[in-house]
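All remarks here apply to the structure that follows.
Each reported figure results from applying straightforward, stated rules to the coordinates on display, with no laboratory input. Because the structure is predicted, anything quoted here is derived from the model rather than measured. Positions of Cβ are generated from backbone atoms using ideal geometry, with glycine treated the same way; all protein chains shown enter the neighbour counts.
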Amino acid sequence: MLNNNIQMVDLKGQYSKIKEQIDSAIMNVVNSTTFVKGAEGEAFQKELANYLGVKHVIPCGNGTDALQIALMALGLKPGDEVITTDFTFAATVEVISLLNLIPVFVDVDRESFNIDVEEIKKSITPKTKAIIPVHLFGQCANMEEIMEIAKENKLYVIEDAAQGIGAEYTFSNGGKKKAGTIGDIGTTSFFPSKNLGCYGDGGALFTNNDKLAERLNAIVNHGMSKKYYHDEIGVNSRLDEIQAAVLRVKLPCLDEYNEARKKVATYYNDAFEETEGLETPIVDDKSTHVYHQYTLKTKSIDRDKLIAFLKVRGIPVMVYYPIPLHQQKAYIRTEFKNENYPITMELCKSVISLPMHTELDENQLKYIIESVNEYFIK
Ligand SMILES: *Cc1c(COP(=O)(O)O)cnc(C)c1O
């Protein structure tokens with residue numbers, strides 16, 4: 001049986017369920033002809049702040065801008081070092097480098113895929129000013145320890161929650177906080193395929209710090225504190241009204257969407273737990289998992305053959321991420337030694353992400369599971 005309907009992400013299926021609300025939200029904006037800086041953006045800002053339990057939400061143009069704006073607001077100087085993970089999407093290192101800051105990569109924890117706190121400690125120098133943990137694939141990094149390290153060493157923490165929106169972190173005192181609201185600044189992306197995606201580009205910053213919020217609000221709008229008074233160099237990075245209107249429809253569905261993703265993950269976990277040659281992802285006891293991706297580790301098999309086998313059966317799979325950041329041409333430096341990143345190197349060679357979205361039905365899941373199993377028993 002060839003099932004052609006399986007996609008990595010099914011935005012069409014999701015849209016069809018909320019079509020009426022989305023269409024009318026978009027048409028309302030068109031009819032208002034307020035396309036930038038209006039009531040939708042303002043309302044979304046408040047609704048998201050309320051959902052996250054954070055004091056300030058500052059919308060912006062995309063998740064990459066959000067990271068850049070966060071670094072700008074902290075007033076870092078060229079040559080300052082920023083510690084981040086070697087195993088993630090390139091946006092983080094891109095903005096660090098654009099601002100003439102020095103990216104310092106550290107290896108990750110093999111089980112959680114997230115930045116390794118022991119490696120952070122080893123990488124701190126007098127020039128270190130900030131840490132950017134990424135809540136990779138939808139699960140929070142070890143924020144309690146990261147915040148402790150930051151406090152001891154007077155470092156800022158910017159959480160990249162582009163893949164983790166809605167995930168919840170539990171501290172050892174029982175306190176709970178949402179991903180992106182723990183560090184000095186949190187950032188996210190509303191790229192269409194993210195857990196909370198708009199219908200174009202979008203992003204946001206979060207903070208509980210009033211002073212930082214003021215700076216962030218100025219920077220996203222040309223560094224203006226007051227119209228036509230430019231107190232510092234800013235950028236033009238805004239969430240437009242159509243995107244805000246779409247997000248206002250989707251935000252109330254976010255928990256339900258994340259729950260649907262979790263169901264898919266449970267289905268996969270149950271199916272592959274015993275499969276020789278596959279290692280299912282673990283769930284950290286400190287963080288919920290919102291499964292932006294469902295990522296397996298392959299063991300002693302030819303990953304390319306498995307990918308090709310599944311492709312023939314109409315099952316798309318992806319490798320997030322095939323190349324460690326320290327080996328990317330744009331960022332390569334002689335001091336980056338492969339032997340400092342053994343886990344990232346191993347993961348880049350062994351991980352595989354299966355279709356993950358809110359619309360996967362039982363038949364599709366059965367088909368995916370049967371096909372994967374077929375590869376292993378053939
Ligand atoms: C998607 C993503 C970004 C970038 O977001 P854009 O909106 O595409 O700029 C940054 N960091 C991580 C971890 C991401 O997954």
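Using R₀ = 35 Å, calculate the FRET efficiency as 1/(1 + (r/R₀)^6) where r is the Cβ-Cβ separation of S97 and E374; round to 0.05. Result of the calculation: an efficiency of 0.20.
Put in order of Cβ neighbour count within 10 Å, fewest first, the listed residues D116, D65, D210 become D210, D116, D65. Mind scanning K305/K337; K17/K250; K263/K366; K127/K286 and naming the pairs with a C-alpha gap bigger than 19 Å? Violating the 19 Å limit, Cα to Cα: K305/K337; K127/K286. For region 362-378, list residues with backbone N below 19 Å from a point placed 7 Å from the Cα of E274 toward its Cβ? Inside the label zone: 366-378. Segment Y229..A43, full-extension length gain: 64.4 nm, with 0.36 nm per residue of separation and the alpha-carbon distance subtracted. Across region 17-34, computed HN-Hα scalar couplings (Karplus, 6.51 cos²θ - 1.76 cosθ + 1.60, θ = phi - 60°) run 7, 10, 3, 4, 5, 5, 4, 6, 5, 5, 5, 4, 5, 4, 5, 6, 6, 9 Hz from first to last residue, x flagging Gly and Pro. When you filter the chymotrypsin sites (Phe, Trp or Tyr not before Pro) in region 1-81 for DSSP loop state and at most 15 other Cβ atoms inside 10 Å of their Cβ, you are left with F35. The loop-placed chymotrypsin sites (Phe, Trp or Tyr not before Pro) in region 134-210, going by DSSP, that have at most 13 neighbouring Cβ atoms within 10 Å of their Cβ come out as F171. Sparse packing (at most 10 other Cβ atoms within 10 Å of the Cβ) combined with a DSSP loop state is found for the following GluC sites (Glu not before Pro) in region 270-368: E273, E274, E276, E335.
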